[in-house]
1. Can you give the Rg and Dmax of the stretch A:189-393 based on its C-alpha atoms, in angstrom?
2. Which distance in nm do the two modelled labels at residue A:54 and residue B:4 give, with both placed 7 Å along the Cα-to-Cβ direction?
3. Residue A:278 versus residue A:237, label points 7 Å from Cα toward the beta carbon: distance in nm?
4. So if I place +1 on the C-beta of Lys and Arg and -1 on the C-beta of Asp and Glu, and nothing else carries charge, what would the dipole magnitude of chain B be about its Cα centre? I want it in debye, nearest 20.
5. How would you order B:155-165, B:85-95 from highest to lowest mean count of nearby Cβ atoms within 10 Å?
6. Where in chain B are the helices, taken as whole DSSP H runs, whose Cα atoms extend 30 angstrom or more along the long axis and whose Kyte-Doolittle mean reaches at least -0.5?
7. Using r as the Cβ-Cβ distance of residue A:161 and residue A:91, and R0 as 35 Å, what FRET efficiency do you calculate, to the nearest 0.05?
8. Hey, got the average number of other protein chain Cβ atoms within 10 angstrom for residues in B:104-113?
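Read-outs: derived from the displayed coordinates by stated rules, not from any lab. The structure presented is a predicted model; accordingly, all values stated were derived computationally and were not measured. Because the Cβ atoms are built from the backbone with ideal geometry, glycine has one as well, and the counts that use them run over all protein chains shown.
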Amino acid sequence: MKDAYYEFFCPVKLIVGARALENIPFELGALGASRPLVVTDRGVAGAGLVDTLREVLAAGGLEIAAVYDEVPPDSSLGAVRAIARRYREADCDALIALGGGSPIDTAKAANILASERTEDLLQFSGAGNLPRPLKPLVVIPTTAGTGSEVTFVSIVRDEERGVKVPFASPFLMPDAAVLDPRMTLGLPAQITAATAMDAMTHACESFICLAKNPMSDAYAAAAVRAVAEHLLGVLDRPADADGRLALAQAAAMAGVAFSNSMVGLVHALGHSVGALCHLHHGTCMSILLPAVLEYNLAARREAIGELLLPLAGAEVYADTPVGNRPEKTIARLKWLKDEIHARCGLPRTLSETGKVAEAQLEQIAAMALDDGSIIFNPVEVSREEALAVLRKAW
Amino acid sequence: MNRLRQGLKRLYVALMMRIVGWSLRAMSRVDPVVRAEAAGFPDGLVIAMTTMPSGPSMVLEKTPAGTLRYLGGRLPERTGLAIRFKHLDYAFRVLGFVESTPTAFARARMVVDGDLAAGIRLVRCMYRLEALLMPRFIARRGMKRYPEDLGLAEKLGLNLKIYGRIALDLVTRS
């Protein structure tokens, strides 16, 4: 251990629980902002969440200066530019992202243009290319999965070139993340399951990948436990506000974990499946996680075995011989996938999605090798091995 | 003594940066694996590897012909991909095979600016360089997995080609 070394960073203030939204006027005021632009999508606006937010903020003396509710499902550079224009036209001084991964990532990218007063977003793409702090950004997740509310990354689709453009900088981290159970109560069952399995995957990968460390392990294990304990209950009782809040916290904890220890092959493959087949990210994660854990098993037996405790509880863990725990962990994740499928029909295999053609697997495998996540996977992955994992998940 | 040690480290890193630059240039011409990887970089991409705050450095450029051109040790104003070691000691540990490249990434020993996919491709080129040019017991310390299918005869044959090409490039200054 004399050579051990890691870095851990998470400056995002978490505001969590009942009536958390009511704290936003105070938080923005403390940041010197009074004219926020709300960034969201049609689904969230249609569900009445913007109205709820507007009402709560107004009661706290804060008027929303403008709303942009046309963020597309995979984000887009066009939306980012439109938001920055709206920000300038309405003389805004802060952003509030309200939604899932797409509105959050889009708002982060729009904040670059709003703060740097430019139209050229691509000059800031890649890692570490932002020169200074951005305008205040408060994030209100309406799904419990991406963890984007606590990460330093934004991924935006360049619709002209057909590629996803990553931005990574500590300045992209939001000033505050507000987890209020009112914001996730109406989430449909399948999205609830897919996003929760996204959080589960963030946690599992951060627990086994190369940059794992004691701090990220603590967050990851807590996130695994929360998803394992609450997901099926929330699918059975969608109005369970405590369960919903537990999943939102799990997503944030998993986000803190993976933004400090990174993710591996599940995400490398999942990003490629998403880019080529337009499959929901959380669904990709849920499908691929057990197959990748099996692939990494020899290199990470101990860590995968340790996951059994938060995943299945103390009784199962104690009843399982140490040597069998890694396989039991993977079996438990497969069981969880089956239970989720029985409750809401979330696909368990790539073929069940109906969106991935078997002929595309080779292209997906090749593309995954260039994904930034792959370097943190504990095992060096060849194209043939990536393809074998995809076939197992097929 | 400490200053002497730091000076020697700087000298070693500068030498290794140059060797990496020369080798990748040569391998992009004579090794099928690096040739295929290099072809995947965008044309004109300028790749820099440097040590903060002021070098040593090495700079490569992807040519339209699909090969890599060594541009020397001076950093240009703009790069498409820059891998910057945060400290001379970190660069020394990676280039001295004390710490593997993926471990260095995991420990955030360097900052990667620009095209991340190209960065992953460059890491694969580095693995290949280590596997071909270093003895197996040293190369294994720099990567996650030494290529088991790389036989001694193939390795020696490619070594000859690579060193020959490096010599030719140096003579012809190409």
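1. Values for the stretch A:189-393 (Cα only, Rg and Dmax): 15.7, 45 Å.
2. About 7.6 nm separates the two model spin labels.
3. With each label placed 7 Å out from Cα toward Cβ, I get 3.9 nm.
4. Numbers: 29 positive and 14 negative charges, 106 e Å.
Rounded to the nearest 20 debye, it is 520 debye.
5. On the way: B:155-165: 15.5, B:85-95: 20.4.
Highest-to-lowest ranking by the protection proxy: B:85-95, B:155-165.
6. Helix filter hits for chain B: B:2-30.
7. According to the calculation, E is roughly 0.60.
8. Numbers: counts 0, 6, 13, 8, 7, 1, 0, 2, 6, 5.
That works out to 5 on average.
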